[in-house]
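K.L.:
Submitted below is the structure of interest, expressed as structure tokens.
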Amino acid sequence: MAMVSSTTGRPVGSAPDAAASPLLGEHHGVDLLMSAAVIACVAAVVRALFFTPVDAMLGAVQKIFYLHVPAAVVGLYIACGLLAVSSIMYLWIKDDRIDRLAESSAEVGLVFMGIVLTTGPIWGRSSWGTWWAWEARLTSTLFLWLLVLAYLVLRGAVESQESRARLSAVMGSLAALLVPFIHLTVKLFRGMHPEPVVLAPEKPKLPIEMLTTFGMAMVAFLLLFFALLRMRYRWTTMRDARAALLSA
Amino acid sequence: MLAHDRPTRTVPPSDHANAAPVLAPILEARAVVRRFGGRAAVDGVSLTLRAGDCLALFGPNGAGKTTLLRLLGGLIKPTRGEVCLAGHTLPGDGATRRLVGLISHHTMLYAALTARENIRFAAECQGVLDVEGETTRVLTHLQVLDRADTPVRSLSRGLQQRVSIARALVHRPRLVLLDEPYTGLDDVGASALTEALRDAQQDGAALVLITHHLHEGLALATDTAIMLNGRFAYTKQAGAHGIDVTAYQQQYRSLVSEGAA
Amino acid sequence: MTLPHREPRFLTGAWQVARKDLLIEFRTRSAFLAASVFAVLAVVIFRFTWDPTGIPAFELAPGVLWVIFTFAGLLGLNRSFALEQQDRAFDGLLASQLSRESIFAGKVIANLVFVAAVQALALPAVALFFDLSVGSAWWAVMAIVLLASVGLSAVGTLFAAIASNTRMAELLLPMMTLPFFVPLVIPAAQASALIMRGQPIEDGLSWLKVLVAFDLVFVSACVVAFPFTIEE
């Protein structure tokens, strides 16, 4: 790579500094966070399947709730929240790292929301007899999933890195404003039609064993989310560094 | 006026009353750098232009000429350094943008509208007061008045280019930026363009002209520069008798082959 | 000598841009014709696949109307920036003294007029084909349609600006905008259905509030966001 110095004396190629942050930077060897996350997930699954009592009323399918709710919390609140905040921040401070964080949150969030959208209908099929009943939360999740998908398609369609970061930050910021409107619209819509009995974990008092399992699942999913997020973040850093080197 | 210090022209007290007043620079660029991703398209350029100056910019494709032009016109921001137009730092507000006329090898016209409608729209957008009068003026100047009411898409490439030039000059800009304007022009068009640019120069405008047509460029230029890899590799001022085209051509060729090596 | 000039004004500039866009559309008529053909086709298909004994007209009509308005709107939105891209005419606009916000407002106005023109065609067509007799409440339906169209145009114009920077603008624009249209189309369709059914407008007040809130929030947000879509 030819390094032509400018009048300011700095090298021309300014690739993102992959090794700068010890927490997020390049890593060699075992990914401890990911290992911990995998162990936690296995532990939660084992506990949920074998060591947690079956709900008398709802049956064995109720156990899908240990997958569905943590995925919803992580995918909807954490991933989408991160996406929204980093999009707005990018427009203010044009730091590429914030843009890569937005991209990674969107990708991992899409996966978790996908889990919500698959476990929801499975639960719905067994308890309401129908795969999809336009239940308020699932419907909102569907629209958000489509929104994040569109965000990622936009990112894929813009060639220049600077334009990609800027344009997707605009979309991300507007999406942040949209979320309350979607919730409101869906809630009003559902308010007009009687709602099927919904998976409402907050309402019934859960016995202590179920609560513990739920807590474990929550922790496992949190660990998994951040492990995947970091993995994607590192991957985007290397990808962008490579692209910068190639175009220099 | 290019990257070397030149004393500001001042009037010695013994001169007569109608001598040229002190000319403030219209355009100043100071160590301007612009990066795209990892690459510096413009890598440290400085220049000063005063009223009536014409900077002819030559160089191979990819040298950074178009990027430099967009920086000078305030269309993009420099990564480092500063561009000042009539004392305002670019990119400025609407008032500063109005001082610029931009001509490129894209016509920047709306194909479905007529020549007159295109120019009229440009004049309105630039706050011109006598829209009809100025529109007719530039149409006549560029010798396209007889085709003014034809939709632009029915015009030949050369005529479209002339309409595009008229569009850029209708609001009498102080700085005219031209990116390969002679592309596609026949002899009539080329001389009409040169005439219009000379008039603009006399009117006090400064010009920056990117062109591969060495003859036309050197005919108008008061200053020239050859750009390579984002920097000015060679600069030369036009003396009283202009610049020798053949000599300049040789200089250009040797520089470009050197740069490619 | 600097030529004396008129200072740029937000509304004047916006109107100049809008007028130019509408003049071009009037000359070429391509998007409007495509939208009209789509509207007629949709009306005919829905009419002939509809069982009047199963669903009353006022249940189906709002859905048909909003399908037409949304997709026709997208046709117009696509061309909104395509015409600027063609010979880099947009560079000329950006280099003028008009503010970015002015340019955006002008394009939103032009798109709104375009959508309104399609609506002026589709509403009577639907009323006719579906034997709707709404009577004096038509003004309420039109007000709802207008409110929703304002939001549609603002958001659509912004995303059209974003999409014009990509190679797949025609695919990307619907993908990006449809989630944003949800809080517009559902309230508008529900409120119109309500009125066509004969209920008083007060019953649909919460829907109207959503529309008004959306318009206020998103028109301002899009005006603020637009300059970020332009490369600097």
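K.L.:
Multiply the residue separation of C:F48 and C:L171 by 0.36 nm, subtract the distance between their alpha-carbon atoms, and state the gained length in nm to one decimal. Working shown, then result.
P.N.:
On the way: separation 123, 0.36 × 123 = 44.28 nm, distance 2.92 nm.
Result for the pair: 41.4 nm of gain on full extension.
K.L.:
Pairwise over distinct Cα atoms, reciprocal of the mean inverse distance: report the Kirkwood radius of the protein assembly as shown in Å, one decimal place. Walk me through the intermediate numbers first.
P.N.:
Details: mean 1/r = 0.0338 Å⁻¹.
In the protein assembly as shown this quantity evaluates to 29.6 Å.
K.L.:
Among A:T130, A:G59, A:V108, pick out the residue whose Cα is farthest towards the positive end of the charge dipole of the stretch A:55-247, where Lys and Arg carry +1 and Asp and Glu carry -1 on C-beta, about the Cα centre.
P.N.:
Ranked along the dipole, the leading option is A:V108.
K.L.:
Rg and Dmax in Å for the stretch A:55-247, alpha carbons only: what are they?
P.N.:
18.6, 63
K.L.:
Would you be so kind as to identify all helices of chain B, as entire DSSP H runs, whose Cα atoms reach 20 Å or more along the helix's own axis and whose mean Kyte-Doolittle hydropathy is at least 0.5?
P.N.:
In chain B, no H run is both long and hydrophobic enough.
K.L.:
Looking only at other chains, what is the average number of their beta-carbon atoms within 10 angstrom of each beta-carbon in C:91-104? Spell out each step's value before the answer.
P.N.:
Numbers: counts 7, 17, 4, 6, 16, 13, 12, 7, 3, 1, 0, 2, 1, 0.
Per-residue shielding by partner chains comes out at 6.
K.L.:
Sorting check: for A:61-74, C:102-115, which peptide has the highest mean count of neighbouring beta carbons within 10 Å, and how do the rest follow? Present the calculation step by step, with values, prior to reporting the outcome.
P.N.:
On the way: A:61-74: 21.1, C:102-115: 24.1.
Going by the mean number of other Cβ atoms within 10 Å, highest first, we get C:102-115, A:61-74.
K.L.:
Place a +1 charge on the Cβ of each Lys and Arg in the stretch C:10-229 and a -1 charge on the Cβ of each Asp and Glu, then give the dipole magnitude about the Cα centre in debye, rounded to the nearest 20.
P.N.:
Values: 12 positive and 13 negative charges, 88 e Å.
About 420 debye.
K.L.:
Okay, moving on. So, R0 is 51 Å and r is the distance between the beta-carbons of C:D131 and A:R239; what FRET efficiency does that work out to, to 0.05? If you can, show how the numbers build up before the last one.
P.N.:
On the way: r = 59 Å, r/R0 = 1.16.
Given R0 = 51 Å and the Cβ-Cβ separation, E is 0.30.
K.L.:
If R₀ is 51 angstrom, what is the calculated FRET efficiency for the pair A:V38 and C:L11, using the beta carbon separation as r and rounding to 0.05? Present the calculation step by step, with values, prior to reporting the outcome.
P.N.:
Values: r = 60 Å, r/R0 = 1.18.
The pair A:V38/C:L11 has a calculated efficiency of 0.25.
K.L.:
Specify which residue in the list B:F58, B:G230, B:I165 is farthest towards the positive end of the charge dipole of chain B, using unit charges on the beta carbon of Lys, Arg (+1) and Asp, Glu (-1), about the Cα centre.
P.N.:
B:G230
K.L.:
Separate question: Please tell me the relative contact order of chain C in percent, rounded to the nearest whole number, where contacts are Cα pairs under 8 Å and at least six residues apart. Could you put the intermediate results ahead of the total?
P.N.:
On the way: 242 pairs, mean separation 61.3, N = 232.
The value is 26 percent.
K.L.:
Still on this structure: Can you give me the Cα centroid spacing of the stretch C:177-197 and the stretch B:230-245 in angstrom?
P.N.:
Centre-to-centre (Cα) distance: 66 Å.
K.L.:
So if I place +1 on the C-beta of Lys and Arg and -1 on the C-beta of Asp and Glu, and nothing else carries charge, what would the dipole magnitude of the protein assembly as shown be about its Cα centre? I want it in debye, nearest 20.
P.N.:
Dipole magnitude for the protein assembly as shown comes out near 740 debye.
K.L.:
Kindly put B:V128, A:V85 in sequence by how many other C-beta atoms sit within 10 Å of each C-beta, fewest to most. Each step should come with its number before you reach the end.
P.N.:
Values: B:V128 23, A:V85 17.
Taking fewest neighbouring Cβ atoms as first place, the list is A:V85, B:V128.
K.L.:
In square nanometres, what is one fourth of the surface area of the convex hull spanned by the alpha carbons of chain C?
P.N.:
Details: hull surface 58.1 nm².
With the hull built on Cα positions only, its mean projection is 14.5 nm².
K.L.:
Residue farthest toward the positive end of the dipole of chain C, with Cβ of Lys/Arg at +1 and Asp/Glu at -1: which of C:V108, C:L128, C:G54?
P.N.:
It is C:V108, whose Cα lies furthest towards the positive end.
K.L.:
Hey, quick one: spin label on C:S220, modelled 7 Å out along Cα-Cβ, who in the stretch C:148-181 has an amide N within reach, i.e. under 20 Å?
P.N.:
Once the point is set 7 Å along Cα→Cβ of C:S220, C:148-159 turn out to lie under 20 Å by backbone N, inside the stretch C:148-181.
K.L.:
Highest mean first, what order results for A:169-175, A:159-165 on Cβ atoms within 10 Å?
P.N.:
Details: A:169-175: 24.9, A:159-165: 16.7.
For the peptides A:169-175, A:159-165, the packing ranking is A:169-175, A:159-165.
K.L.:
Tell me the net charge near A:F226. Cut-off is 14 Å between Cβ atoms, A:F226 excluded, with +1 for each Lys or Arg and -1 for each Asp or Glu.
P.N.:
Working: positive: A:R230, A:R232, A:R234; negative: A:D31, A:E107.
Charge balance in the 14 Å sphere: +1.
K.L.:
Now for a separate question. Against the globular-protein guess of 2.2 N^0.38 Å, express the Cα radius of gyration of the stretch B:64-140 as a ratio, rounded to two decimals.
P.N.:
On the way: Rg = 14.6 Å, N = 77, 2.2 N^0.38 = 11.5 Å.
Working it through for the stretch B:64-140, the quotient is 1.28.
K.L.:
Then there's this: With n ≥ 4 as the cut-off for DSSP H runs, can you work out [θ] at 222 nm for the protein assembly as shown, using -39500 (n - 2.57) per run divided by the number of residues, rounded to the nearest 500?
P.N.:
Numbers: 23 runs with 431 residues, N = 741.
Value at 222 nm, helices only: -20000 deg cm²/dmol.
K.L.:
Additional query: Averaged across the residues of A:147-154, what count of C-beta atoms belonging to other chains lies within 10 Å of each residue's C-beta? Present the calculation step by step, with values, prior to reporting the outcome.
P.N.:
On the way: counts 6, 1, 2, 10, 3, 0, 6, 9.
For this peptide, the per-residue mean of nearby foreign Cβ atoms is 5.
K.L.:
While we're on this one: With charges set only on the Cβ (+1 for Lys and Arg, -1 for Asp and Glu), what does the dipole of the stretch A:55-247 come to about its Cα centre, in debye to the nearest 20?
P.N.:
On the way: 18 positive and 13 negative charges, 25 e Å.
Taking the Cα centre of the stretch A:55-247 as origin, the dipole is about 120 debye.
K.L.:
Quantify how strongly other chains surround peptide B:88-101 by giving the mean number of their Cβ atoms within 10 Å of each of its Cβ atoms. Present the calculation step by step, with values, prior to reporting the outcome.
P.N.:
Numbers: counts 0, 0, 0, 2, 0, 3, 9, 4, 1, 7, 9, 2, 3, 2.
Counting other chains' Cβ atoms within 10 Å and averaging over B:88-101 gives 3.
K.L.:
For each of A:C41, B:C125, count neighbouring Cβ atoms within 10 Å of the residue's Cβ, then give the residues from fewest to most. It would help to have the intermediate numbers written out before the result.
P.N.:
Values: A:C41 18, B:C125 26.
Ordered from fewest to most neighbouring Cβ atoms within 10 Å, A:C41, B:C125 come out as A:C41, B:C125.
K.L.:
Next question, about the same structure. How charged is the neighbourhood of A:V74? Take every other residue with its Cβ under 15 Å from the Cβ of A:V74, and add Lys/Arg as +1 and Asp/Glu as -1. Walk me through the numbers on the way to the answer.
P.N.:
Numbers: positive: A:R137, A:R230, A:R232; negative: A:E107.
That sum, taken over residues with Cβ under 15 Å, equals +2.
K.L.:
Based on the mean of other beta carbon atoms within 10 Å per residue, what is the order of C:9-22, B:236-249, A:129-142, most packed first? Numbers along the way, then the final one.
P.N.:
Working: C:9-22: 18.8, B:236-249: 12.6, A:129-142: 16.9.
Highest-to-lowest ranking by the protection proxy: C:9-22, A:129-142, B:236-249.
K.L.:
Efficiency by 1/(1 + (r/R0)^6): what FRET value for B:E82 and A:V61, r their Cβ-Cβ distance, R0 = 60 Å, to the nearest 0.05?
P.N.:
Numbers: r = 67 Å, r/R0 = 1.12.
Once the sixth-power term is evaluated, E becomes 0.35.
K.L.:
Aspartates and glutamates within cross-link reach of A:K187: Cα-Cα under 14 Å, excluding same-chain residues under 8 positions apart?
P.N.:
Cα-Cα hits under 14 Å: A:E135, A:E195.
Computed from the coordinates by the stated procedures, all read-outs in this text should not be read as laboratory data. All figures in this text were calculated on a predicted structure; none of them were measured in a lab. A quick note on method: Cβ atoms are made from the backbone with ideal geometry, for glycine too, and the neighbour counts reach across all protein chains shown.
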